[in-house]
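For reference, the structure is listed below as structure tokens.
The values are calculated or read from the model by the stated rules, or taken from the named source; none is laboratory data. Nothing here was measured: the structure is a model prediction, and the numbers come from that model. Here Cβ is always computed from backbone atoms with ideal geometry, including for glycine, and neighbour counts include all displayed protein chains. Keep in mind that these areas ignore ligands, DNA and RNA; they rest on the heavy atoms of the full protein, side chains included. Shrake-Rupley method; radii C 1.70, N 1.55, O 1.52, S 1.80 Å.
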Amino acid sequence: MNDHLQSAPAVEKPISAPTEAASDTAGLDDIPEQMRVRRAKRSRLLAEGGQPYPVNVPRNASLRQVRERFADLATDATSGHIVSISGRVMFLRTGGKLCFATVQEGDGTTLQLMLSLAKVGTEALAEWKSQIDIGDFVSVTGEVISSKRGELSVLADKWMMAAKALRPLPITHKPMAEESRVRRRYLDLILRPAARDIVRTRSATLRSMRSFFDTRDFMEVETPMLQVQHGGAAARPFVTHINAYDIDLYLRIAPELYLKRCMVGGMERVFEVNRNFRNEGADSSHSPEFAMLECYEAYGDYNSMATLTRELVQYVARQVCGSEVARHVDGSEHDLSGIWRSIELYDAISHALGEHVSVATPQKTLLDYAGKHQIDVNPGWGPGKIAEEIFEKLVVPGLLEPTFVRDYPVETAPLTRDHRQQPGLTEKWDLYVRGFELATAYSELVDPVIQRERLLAQARLSAQGDDEAMQLDEEFLQAMEYAMPPCGGMGMGIDRLLMLLTGLGIRETILFPLVRPE
């Protein structure tokens, strides 16, 4: 237990602003009292020849290094070692001849500071009491000791301000609302260990994904975010404008069409970790800006991609979670081990409706089924899109364990090869887990003649007002006409993979998600 935990945190009491602070507080009567006080302290420090934001401060050890090196120091003992450490003040107790503070560094490690009159002297102790607030960064040089209660501490010989905080931190024992955490993630990172943990988990996830592909001889590439034509997915794009060329451009909705150019160029195994942008809704599993993995393998198909995807997720789980069982922040677990279930799209729809449905089921019949189950659909949609909407509403919420849903209609999969046995279907699967889509994969369409027909059909839909339809991309088609080998491709949402591993919503897995301005 910290020596100071017996006492309540000191309240930051208003002080009279000195004359040196007049210029810093003039015209700021509408700001909170604590901010006026802190600005006055900044001005006073400058007036006295000090620096509220020095270019550097003494620091030769991190708090974690001190804790690890002196973990076995006996109670009420001295180490004989002098260190210079720094951190953000998270607690203050400033009464009498002995002051206590707790400082914290970026990874959440904390350490106790002790400032005594006998060690630092009257002037330095008085300056500490008058200048330091919770939230400030300080540098302290002194001996590593263990207090009478066994708390590892640094007994200061000297100290200096490292960075003055002009705003007070939120109250530490009162949790921030989710909206506040998202808007001010920097405060969330300061105050909440779980926020720091998810950043580390995300970093470890990306590192392990790259390791997985590296061991399988995949090459990481980068493709354009700004594109003359959008494509690679059925999604509404963001539109921007380049002044140099005086043309409109699109923010990437998917890297697929450029990665396939890599395949044409002879790069047989490629992957990209990329940012995509889709001008659509935002909810618990959708973000307008999101991270995605896409990979392509020559001479693969959607079957080999299913195996690769399962092995990838299981590998990442072992690296990040320690096993193939993901342990969520709420204490629940999700078993990702073994061979995953595989079902067919139209079989799943038929089971949910209690009626036989196939790719040949007429649009009118599907509209009737949707109406019966109160599913909103556009009467202008084709039968394939209506069938998928029924699937999304009736089947997806129950897909909790990892499940490959296979064989989608040609209508909704314009970049996918026709099914080898079932006319009207394509060799595509979507991977669902915990009720959301995690990944999708194709046996890629490599016939440029059929691809042109598919994209022409998409262009007609776009002309009819479908904002999500793809455009006719002549440059992509020209590349395909130089021949692309048989190929399997897969795309996975990285934010959603984090959702799977942690049990969190998408706004918690993204460090700085897009939010509506206040």
For Arg516, placing the label point 7 angstrom along Cα-to-beta-carbon and taking the range 153-188, residues whose amide nitrogen sits under 17 Å are 178-184
As straight-line cross-link partners of Lys97, the qualifying lysines (C-alpha separation under 24 Å, not fewer than 8 residues apart within one chain) are Lys13, Lys41, Lys119, Lys129, Lys148, Lys158, Lys164
Reported to the nearest 10 Å², Tyr296 has, with a 1.4 Å probe, an accessible area equal to 0
Descending packing, highest mean Cβ count within 10 Å first, for 468-479, 246-257 is 246-257, 468-479
For the chain, the dipole about the Cα centre with charges only on Cβ (Lys and Arg +1, Asp and Glu -1), to the nearest 20 debye, works out at 2360
Note to self: C-alpha centroids of the range 131-191 and the range 33-102 sit apart, in Å, by 9
Scattering profile of the range 289-443 from the Debye formula, Cα beads only, expressed as log10 I(q)/I(0) at q = 0.09 Å⁻¹, is -0.33
With all protein chains present and a 1.4 Å probe, the order of Lys364, Lys260, Lys372 from largest accessible area down is Lys372, Lys364, Lys260
Under a 1.4 Å probe, counting only protein heavy atoms, Trp381 has an accessible area in Å², nearest 10, of 60
With 0.36 nm assigned to each residue of separation and the Cα-Cα distance removed, Glu481 to Gln374 gains 34.0 nm
Residue-ordered couplings for the range 108-124, obtained by feeding phi - 60° into the Karplus form 6.51 cos²θ - 1.76 cosθ + 1.60 and rounding to whole Hz (Gly and Pro as x), are x, 5, 10, 8, 7, 10, 10, 10, 10, 4, 5, 8, 9, x, 4, 5, 5
Of all DSSP beta bridges with both partners in the chain, the antiparallel percent, nearest 5, is 90
Computed ³J(HN,Hα) along the range 474-490: with the Karplus parameters 6.51/-1.76/1.60, θ = phi - 60°, integer Hz and x for glycine or proline, the list is 5, 5, 5, 5, 4, 4, 4, 5, 8, 5, 10, x, x, 7, x, x, 9
In nm, the gap between the two label points placed 7 Å beyond Cα toward Cβ at His241 and Asn56 is 4.8
The ³J(HN,Hα) series, computed from each phi in the range 94-103 with the Karplus coefficients 6.51, -1.76 and 1.60 at θ = phi - 60°, rounded to the nearest Hz and given as x for glycine or proline, is 10, x, x, 8, 10, 9, 10, 8, 10, 10
Quotient of Cα radius of gyration and Kirkwood radius for the chain, i.e. Rg/Rh, equals 1.10
Length gained, Lys119-Glu68, 0.36 nm per residue minus C-alpha separation, equals 15.8 nm
Magnitude of the Cβ-charge dipole (Lys and Arg +1, Asp and Glu -1) of the range 272-406 about the Cα centre, nearest 20 debye, reported as 120
For the range 43-199, whose charge dipole is built from +1 on Lys and Arg Cβ atoms and -1 on Asp and Glu Cβ atoms, the candidate among Pro52, Pro170, Gln104 with its Cα farthest towards the positive end is Pro170
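Rounded to the nearest 500, what is the 222 nm mean residue ellipticity of the chain from helices alone, with -39500 (n - 2.57) per DSSP H run of 4+ residues and division by all residues?
The helix contribution divided over the chain gives -10000 deg cm²/dmol.
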Taking r as the C-beta separation of Ser358 and Met35 and R0 as 45 Å, the FRET efficiency to the nearest 0.05 is 0.10
Rounded to the nearest whole number, the Stokes-Einstein translational diffusion coefficient of the range 409-498 at 37 °C and 0.692 mPa s (Kirkwood radius, C-alpha pairs) in µm²/s is 228
Non-local residues with an amide H under 5 Å from the amide H of Leu399, with H modelled 1.01 Å from N and Pro and chain starts lacking one, are Gly435
In Å³ per residue, the alpha-carbon convex hull of the range 38-196 encloses 125
PRE zone check, label point 7 Å out along Cα-to-Cβ of Asp467, amide N under 19 Å, scope the range 237-270, hits 237-241, 248-254
In nanometres, the difference between 0.36 nm per residue of separation and the alpha-carbon distance of Glu220 and Ala282 is 19.4 nm
Under 11 Å by backbone N from the virtual spin label 7 Å along Cα-to-Cβ at Ala204, the residues of the range 182-198 are 197-198
For Leu152, other-chain or 5+-apart residues with amide H closer than 5 Å (H placed, Pro excluded) are Ser147
Per-residue accessible area, 1.4 Å probe, largest first, puts Ser153, Ser337 in the order Ser337, Ser153
Of all DSSP beta bridges having both residues in the range 172-301, the percent classed as antiparallel (nearest 5) is 90
Restricting to lysines and to Cα separations under 26 Å from Lys428, and discarding same-chain partners fewer than 8 apart, the set is Lys260, Lys364, Lys385, Lys393
With all protein chains in place and a 1.4 Å probe, Ser304 shows an accessible area in Å² (nearest 10) of 40
